1. Which of the residues spanning region 134-149 are within 17 Å of W177 (Cα to Cα) and either in a strand (DSSP E or B) or of a type in the set (A, V, I, L, M, F, W, C) (or both)?
2. Give region 162-179 a look and list any residue that's surrounded by fewer than 21 Cβ atoms within 10 Å (Cβ to Cβ), among the small types (G, A, S) and at pLDDT 95 or above, or say none.
3. Looking at region 63-96, which of its residues are in contact (Cβ under 8 Å) with a residue 40 or more places away in the chain, within 15 Å of I270 (Cα to Cα) and either outside any loop (DSSP other than H, G, I, E, B) or out of contact with any Gly (no Cβ under 8 Å at 6 or more places or on another chain) (or both)?
4. Would you tally the residues in region 158-179 being over 12 Å from G141 (Cβ atoms), assigned to a strand (DSSP E or B) and touching a Ser or Thr at 6+ places or on another chain (Cβ under 8 Å)?
5. Restricting to region 180-196, and then to whatever is outside any loop (DSSP other than H, G, I, E, B) and in contact with an Asp or Glu (Cβ under 9 Å, 6 or more places away or on another chain), can you tell me which residue is surrounded by the fewest Cβ atoms within 10 Å (Cβ to Cβ)?
6. Tally time: how many residues in region 179-207 are at positive phi and in contact with a Gly (Cβ under 8 Å, 6 or more places away or on another chain)?
7. When the residues of region 114-133 are filtered to those that are in contact with a Ser or Thr (Cβ under 9 Å, 6 or more places away or on another chain) and part of a strand (DSSP E or B), which remaining residue is surrounded by the most Cβ atoms within 10 Å (Cβ to Cβ)?
8. Of all residues being without any contact (Cβ under 8 Å) to a residue 40 or more places away in the chain and crowded, with 17+ Cβ neighbours inside 10 Å in region 212-227, which is farthest from N173 (Cα to Cα)? Just the residue, please.
Amino acid sequence: MRFLLTTFLSVFLFCQTTSAQPLSAVFEKESTVPLSNPHDLKLSPDGRYLMVSDVGNNRIAILDPESLVLLGQFGADHQSGTHDIDFDDKGLAYVADTHNNRVTIYRMHDKQATLLGELSESVRGPEGVLAHPNGQIFVAGAWSNNVVAFDQGEKIRELTGLSAPHDLELAANGDLWLADAGNDRVLLLSPELSIKDELTREKYGFRGVRYLDMLEDGTLIAADKYTHSVKFIGADGTLRLQLGNGKASRGDYAFTTPEGVEVRGNQVWIADSGNDRIVRYLLQ
């Protein structure tokens, strides 16, 4: 494979020569609100709010997606080590309350959250949660090295033999992408939790791959923590773009241990966790 090394505003963006169109990204904005080790991100179902899993502050911080100013928060009085959030089609929010070994469930009223219940069976240290369109909730237990599927609050199946699994992201056909962080790989799972495909460390250089999202064309976005980069992998398996120069740093196109990603159209938000900020880019 041949790689093109280009310079953009004095930083390195790595694009692989592929049959897919290369991507580029333009820096738009960074947050200034005090955050502590922010992890995964999720837009609210109506798109009005960017929900940030603010790990060190044990809360979900609610930001304006455009200005990145703080609009609200919830969970700090009962969560511990908040890592992830997702919404089901009824508007319920599911939050990975990691250090309490549970996923908390909330009814949202605009920016107000009412705690309804939790999921905890067979899961320790949950760091990823996915509300699937089939009504099931999938939870990645980073400390229990498993993925558990829940239906109507009850455990219905489990995948074991993983290593510190993190995010779960929905594929277009209903399958699930899983960041198997301790094994430096991304797995494609069926809803029945059978392994269908693998994106390996050897091919993509993963080192502690964390949270994921998808572009509309099937491109997988992966925050790769210890390469201090975010990788965009096309549906054909080719690396379309890498943001970050491989070294822990801070800049418009440089990160320290990035963890979270969220996408809407051609806008991408990244949790630059080691630098305690959220950054937004426009893809071209």
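1. I137, F138, V139, A140, G141, A142, N146, V147, V148, A149
2. Our first condition is that a residue be surrounded by fewer than 21 Cβ atoms within 10 Å (Cβ to Cβ); within region 162-179, this holds for 163-164, 170-175.
Then keep just the ones that are among the small types (G, A, S); that gives 163-164, 171-172, 174.
If the condition is that a residue be surrounded by fewer than 21 Cβ atoms within 10 Å (Cβ to Cβ), among the small types (G, A, S) and at pLDDT 95 or above, then S163, A164, A171, G174 are the ones that fit.
3. L63, L68, H83, D84, I85
4. 1
5. Going residue by residue through region 180-196, those that are outside any loop (DSSP other than H, G, I, E, B) are 180-183, 185-189, 195-196.
This time we only want the ones that are in contact with an Asp or Glu (Cβ under 9 Å, 6 or more places away or on another chain), so: 180-181, 185-189, 196.
Numbers: D180: 24, A181: 27, R185: 20, V186: 27, L187: 21, L188: 17, L189: 21, K196: 11.
Only one residue tops the list, namely K196.
6. Of region 179-207, the ones at positive phi are 184, 193, 205.
Filter again for in contact with a Gly (Cβ under 8 Å, 6 or more places away or on another chain), leaving 184.
Qualifying residue count for the region: 1.
7. Going through region 114-133, the residues in contact with a Ser or Thr (Cβ under 9 Å, 6 or more places away or on another chain) turn out to be 115-119, 122-127.
Imposing the further condition that a residue be part of a strand (DSSP E or B) reduces the set to 115-119, 126-127.
Values: L115: 16, L116: 11, G117: 12, E118: 16, L119: 22, P126: 32, E127: 29.
Going through the qualifying residues, I end up with P126.
8. Here the residue is T227.
The values are calculated or read from the model by the stated rules, or taken from the named source; none is laboratory data. If you're wondering where the values come from, they're calculated on a predicted model, not measured in any experiment. Backbone-built Cβ (ideal geometry, glycine too); neighbour counts: all protein chains shown.
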